[in-house]
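Here the structure is laid out as C-alpha cells; the discussion comes afterwards.
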Amino acid sequence: MIAKVKIVYHITAFSWYAFIIKSMAAKDGEKLPPGIFEFGGPWKYLTFLNLLLQMVFFGMAVVNDLQTGKNTAKGLNKWKDLIFSVLAFPVGMFVVLLFWVIFAYDRQLVYPESLDAFFPLWMNHAMHTVVMPILLGEILLQHHVYPKTKNGLAALGVVGLAYLGWVIFIYLAVGLWVYPLLGLLSTSGVLGLFLFNMTVVTTMYLLGRTLNNCVWGKGKKVTKNK
C-alpha cells in the first residue's frame, strides 16, 4: 500500500512540474514585460532552474519506484537521494523562502508588478509556493540517505558558485542584472548577498537532514520499497 502511495505521489509531482514548465514554455514568443530581457531566456532564473530540478528529481523517483532489478534500483536510489538531499530540498526551500521574504519587503526587487499580467497568480504560486509542501510531503513519505555533511555542503557550494558565475556572466554580456536587487548593490554588496544566500541554503540543507532524521530516525536502513 505504501509503495503504491509513493508511486502515485511521485507521478503526480512529476506531472505537475512538467505541466508548469510546459505552461511557461507556451509563453515563448510573447512580448516580455518591462524589466525582463531575452538574453539567457528562462535559464537565467533560479526559479526556472529549480522547477527543472524538481521535475528531474521526481522523474527519477518514478523510475526508481518502477524498477524491478535490485542492483539497478539500488544505484538509481543513491543518485535520487543525493539529488534530493543536496539540491532539490535545499534549493527548492531557498527559492520559496527568499522569494516571499523579498516580495514582502519590496516586490519590485524580485517580481515587478509588470509580471502579473504575464504570469497569472496561480502560476506565481506554482513557481514560488507549491514547491514547499511538495518537498515536505516527500520528507514524510520516504526516507532519504544523506551524504556526509561536509561532502553535501561542498557539493552545494560548487552549485552555488556555478550559478553566481552564470549570473555575473550575464551581467558582463548585457550590462543588466538578472535580479533588480543586485543593481542596487556594490561589488562587495553582491558578494555579501551571495554569502548570505549560501548561509540560508546551507541552513535549508541542514533542516532537510534534521527533518529526515526526525521522521525516519537517524541512520535508519530501508531495504524495501525505498
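The values are calculated or read from the model by the stated rules, or taken from the named source; none is laboratory data. This structure is a prediction, so every number in the text was calculated from the model and none was measured. Positions of Cβ are generated from backbone atoms using ideal geometry, with glycine treated the same way; all protein chains shown enter the neighbour counts. These area figures cover heavy atoms from the full protein model, side chains too; ligands, DNA and RNA do not enter into them. Shrake-Rupley method; radii C 1.70, N 1.55, O 1.52, S 1.80 Å.
Worth pointing out:
- A residue that is within 20 Å of residue 21 (Cα to Cα), open to solvent by 40 Å² or more (accessible area, probe 1.4 Å), modelled with pLDDT of 95 or more and under 20 Å from the mean Cα position of the chain (by Cα) cannot be found anywhere in segment 164-176.
- Highlighted here are the helices (runs of 4 or more DSSP H) found entirely within segment 77-141 that include at least 2 residues which are free of Cβ contacts under 8 Å to residues at least 12 places away in the same chain and more than 18 Å from residue 10 (Cβ to Cβ): 89-106, 121-128.
- Segment 97-149 - residue that is under 17 Å from residue 50 (Cα atoms) and of a type in the set (S, T, N, Q) and, of those, most open to solvent (accessible area, probe 1.4 Å): 129
- Here residue 132 clears all of (1) in contact with a Leu (Cβ under 9 Å, 6 or more places away or on another chain); (2) at pLDDT below 95 except the condition numbered (2).
- Some residue of segment 192-213 being out of contact with any Gly (no Cβ under 7 Å at 6 or more places or on another chain), under 18 Å from residue 78 (Cα atoms), among the aliphatic types (A, V, I, L, M) and at pLDDT 95 or above: no
- Failed criterion for residue 29 (all others in (1) in contact with an Asp or Glu (Cβ under 8 Å, 6 or more places away or on another chain); (2) part of a loop (DSSP other than H, G, I, E, B); (3) of a type outside the set (A, V, I, L, M) hold): (1)
- Residues located in segment 24-33, provided they are closer than 19 Å to residue 121 by Cβ and open to solvent by 70 Å² or more (accessible area, probe 1.4 Å): 26, 30
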